[in-house]
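Enquirer: Dropping the structure in here first, questions after.
Read-outs throughout are calculated quantities, based only on the coordinates presented, and are distinct from any laboratory measurement. This is a predicted model, so every value here is computed, not measured. Cβ placement follows ideal geometry from the backbone for every residue including glycine, while neighbour counts extend to all protein chains displayed.
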Amino acid sequence: MPEKKYHRLLLTGAAGALGSELRPLVPDYAEKIRLNDRDPVKDCQSHEEFIAADLGDMEAMCALTKDVDAVVHMGGQSREGAWADVLNSNIVGMYNLYEGCRKNGVKRVIWASSVHTIGFYPRTEIVNPQSPTRPDSNYGVSKVYGEAVAQYYWDKYGIESVSVRIYSCFPEPLDRRQLTTWLSYNDLRHLIGQCLWAPSVRHTIIYGVSNNPAVLIDNRLAAHIGFHPQDTSEIYRAKVESNSPEPDPKSDVLGRHGGQFTVDQHFDD
Ligand SMILES: NC(=O)c1ccc[n+]([C@@H]2O[C@H](COP(=O)([O-])OP(=O)(O)OC[C@H]3O[C@@H](n4cnc5c(N)ncnc54)[C@H](O)[C@@H]3O)[C@@H](O)[C@H]2O)c1
């Protein structure tokens, strides 16, 4: 277990699925944890304080990031949705969060980007952290914006960031595509811990995928993070194949990294 590196960490999206998984991990890295979400967070421990705020509220984000050393940013619109929600949570919200970090001298931000930044790549191509983006949705575009913000605040203001392009992070793989794209909760915790602990990250992009057969990513350019996934989707293969139908060979759902997002209609139509 590492020595505690930070005095106070901020965890956003603390009421959400991944925020809830990460909440028990962050005390290993900091004395105090500030939790944020617009929804209520229950059962705060003595080392935790909860501040309800909307990412779209600049004043609230400046207050939220005060006296914080580093941020684990899991808050936001977590899938394709109405443009107004994507805009508020992922675009305005990302800007507000980084402005708060700049004004308050926050040193490092680890945040949840997405496979949907590169969703239109065919599965015959392996992507690496420098592959040009090919977003598959307004949600994916908002994550590309977030990565641009992270790069800009490193280059201009010296705030370090890791943009973690999470593929499919669930307790188990849910369908045949996720046999390739699954990230286990254990591997997520290891990955975020490494991002917090690595001595220097500048702005790093890294893919979040477990040690599955036939992975479609190459993380060697992010080797300095020290992410070594331990879990594999293979143990769920029989269950997934018996529960999910054979894919239509003409559909792009299994043909592209972004899966269903690449074929869905515009959300607001
Ligand atoms: N779960 C995955 O497989 C996956 C894959 C790729 C990326 N991600 C990203 O990881 C992050 C966490 O995902 P999750 O699965 O836990 O999603 P989630 O929807 O369960 O959690 C997101 C949390 O953010 C909060 N939130 C949303 N908009 C907000 C706003 N404007 N102000 C304050 N709080 C707000 C929500 O209340 C929610 O608790 C998201 O950014 C998502 O895009 C997740």
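Enquirer: I'd like the orientation of helix 185-197 relative to the chain: the angle between its Cα long axis and the longest Cα principal axis, in ° from 0 to 90, rounded to 10.
Expert: Roughly 40 degrees, rounded to the nearest 10.
Enquirer: Which ³J(HN,Hα) values in Hz, rounded to whole numbers, follow from the phi angles of the stretch 37-53 under the Karplus curve 6.51 cos²θ - 1.76 cosθ + 1.60, where θ = phi - 60° and Gly and Pro get x?
Expert: Rounded to whole hertz, the list is 6, 7, 8, x, 10, 9, 6, 5, 8, 5, 8, 10, 10, 10, 10, 6, 6.
Enquirer: With a sphere of radius 12 Å drawn around the Cβ of residue 162, what net charge do the other residues whose Cβ falls strictly inside it have (Lys, Arg +1; Asp, Glu -1)?
Expert: Working: positive: 108, 165, 202; negative: 147, 160.
Net of charged neighbours comes to +1.
Enquirer: Give me the percent of DSSP beta bridges within the chain that run antiparallel, rounded to the nearest 5.
Expert: Within the chain, antiparallel bridges account for around 5 percent of the total.
Enquirer: Residue 72: net charge of surrounding residues, Cβ under 14 Å, Lys/Arg +1, Asp/Glu -1, itself excluded?
Expert: Summing Lys/Arg as +1 and Asp/Glu as -1 gives +2.
Enquirer: Could you list 12, 180 so that the one with the fewest beta carbons within 10 Å of its beta carbon is first and the one with the most is last?
Expert: In increasing order of surrounding Cβ atoms, one gets 180, 12.
Enquirer: Still on this structure, I have one more. Counting other C-beta atoms within 10 Å, which of 35, 174 has the fewest, and how do the rest follow?
Expert: Going from least to most buried by this count: 174, 35.
Enquirer: Just flag the chymotrypsin sites (Phe, Trp or Tyr not before Pro) in the stretch 163-269 sitting in loop per DSSP whose Cβ has no more than 15 other Cβ atoms within 10 Å.
Expert: 267
Enquirer: Using Cα-Cα distances under 8 Å and only pairs 6 or more residues apart, what relative contact order does the stretch 6-262 have, in percent?
Expert: 17
Enquirer: Give me the net charge of residue 261's neighbourhood, meaning all other residues with Cβ under 12 Å from the Cβ of residue 261; Lys, Arg count +1, Asp, Glu -1.
Expert: Once all neighbours under 12 Å are counted, the net charge is +1.
Enquirer: If you don't mind, another one. Please find, in a Gaussian network model of the chain (springs between Cα atoms separated by less than 10 Å), the residue of 107, 239, 250 whose mean-square fluctuation is greatest.
Expert: Of 107, 239, 250, the Gaussian network model singles out 250 as fluctuating most.
Enquirer: A further question on this structure: Calculate for the chain the 222 nm mean residue ellipticity that helices alone would give, adding -39,500 (n - 2.57) per DSSP H run of length 4 or more and normalising by residue count, nearest 500 deg cm²/dmol.
Expert: Details: 8 runs with 73 residues, N = 269.
The per-residue figure over the chain is -7500 deg cm²/dmol.
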